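Shown next, in structure tokens, is the structure this report addresses.
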Amino acid sequence: MSKVRIFMEYFLLLAGFFCMLFGIAGSLLPALPGLPVSWVGLLLLYFIPEIPVNYWVLGITLLVVVVISILDYIIPGKGTKYFGGSKYGVWGTNIGLVIGLFFPPLGFVIGPFLGALVGELIYTNDGNRALKAAFGSFLGLLASTFIKVVVSLVLLFVFLFVFIANWKVWF
């Protein structure tokens with residue numbers, strides 16, 4: 001085996017592992033694409049020629065990443081609705097989420113909260129109801145973050161499992 005090929009295999013392995021670590025950090029920190037980066041790390045592992053490609057693993061994990069990434073934008077609005085928010089609060093949450101993307105890292109956390117608060121205050125002048133809906137938005141954001149972290153840790157587990165199952169390739 002040539003030195004270039006060995007170097008490339010180790011490079012893919014390390015790049016994939018660092019993508020996994022960045023993906024976990026990106027799942028915790030707002031506005032970073034944690035889950036897609038974790039999935040790319042898994043994909044890089046399968047680019048190593050000696051590791052047999054499992055299209056089922058790649059396909060299922062990609063589907064999970066896409067669904068969770070979409071839900072990441074829906075869950076805070078659902079939290080607002082669950083805590084008694086109106087459509088104004090839900091729209092405020094979504095608008096605050098988008099605006100918050102331009103003010104990282106705290107804008108992603110504060111944006112949906114303030115958006116739900118302002119949306120509910122526009123709908124009704126009841127400050128308690130508006131605060132309750134904004135709190136629901138914040139809880140939705142926490143739930144969404146928790147789900148992303150769990151999925152990114154599962155992707156890391158899959159990465160390590162595939163690596164350990166094929167450890168003879170490198171040693």
Filtering the range 112-167 for residues that are closer than 28 Å to Leu62 by Cβ and in a helix (DSSP H, G or I) leaves a count of 28
Which one of these does Met8 not meet: (1) closer than 30 Å to Gly92 by Cβ; (2) part of a helix (DSSP H, G or I); (3) aliphatic (A, V, I, L, M)? (1)
Give me the pairs: first residue in the range 127-149 and of a type in the set (Phe, Trp, Tyr), second residue at pLDDT below 85, beta-carbon distance under 7 Å, and six or more apart or on different chains, which are they? Phe135/Phe83; Phe138/Phe113
Name the helices (runs of 4 or more DSSP H) wholly inside the range 29-111 in which the number of residues that are closer than 25 Å to Asn125 by Cβ and of a type in the set (Val, Ile, Thr) is 2 or more. 87-100
In the set Tyr82, Tyr55, Tyr73, which member is without any contact (Cβ under 8 Å) to a residue 60 or more places away in the chain, of a type in the set (Phe, Trp, Tyr) and farther than 21 Å from Leu155 by Cα? Tyr82
Name the pairs: first residue in the range 108-125 and within 9 Å of Phe138 (Cα to Cα), second residue surrounded by fewer than 24 Cβ atoms within 10 Å (Cβ to Cβ) and among the polar types (S, T, N, Q), Cβ to Cβ under 8 Å, at least 6 apart or on different chains? Pro112/Asn94
Just one of (1) surrounded by 14 or more Cβ atoms within 10 Å (Cβ to Cβ); (2) at pLDDT below 85 trips up Lys3, so point out which. (1)
Just one of (1) surrounded by 13 or more Cβ atoms within 10 Å (Cβ to Cβ); (2) at pLDDT below 85; (3) within 22 Å of the chain's Cα centre (by Cα) trips up Lys148, so point out which. (2)
Just need a number here: residues in the range 6-25 that are charged (D, E, K, R) and surrounded by fewer than 12 Cβ atoms within 10 Å (Cβ to Cβ). 0
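Each row is one residue, and each column tells you yes or no for (1) hydroxyl-bearing (Ser, Thr, Tyr); (2) within 22 Å of the chain's Cα centre (by Cα); (3) modelled with pLDDT under 80; (4) over 23 Å from Leu28 (Cβ atoms).
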position: Lys87; (1), (2), (3), (4): no, no, no, yes
position: Leu101; (1), (2), (3), (4): no, yes, yes, no
position: Leu106; (1), (2), (3), (4): no, yes, yes, no
position: Gly111; (1), (2), (3), (4): no, yes, no, no
position: Gly115; (1), (2), (3), (4): no, yes, no, no
position: Val118; (1), (2), (3), (4): no, no, no, yes
position: Ala133; (1), (2), (3), (4): no, no, no, yes
position: Leu141; (1), (2), (3), (4): no, yes, no, no
Inside the range 48-68, can you point out the residues that are crowded, with 17+ Cβ neighbours inside 10 Å and either under 22 Å from Leu141 (Cα atoms) or at pLDDT 90 or above (or both)? Thr61, Val65, Ile68
Ile164 - would you say it is surrounded by fewer than 24 Cβ atoms within 10 Å (Cβ to Cβ), closer than 25 Å to Tyr55 by Cα and without any contact (Cβ under 8 Å) to a residue 24 or more places away in the chain? yes
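The values are calculated or read from the model by the stated rules, or taken from the named source; none is laboratory data. In this text the structure is predicted, and so the values were computed from the model without any measurement. When we count neighbours, we look across all protein chains shown, and the Cβ atoms used for this are built from the backbone with ideal geometry, even at glycine.
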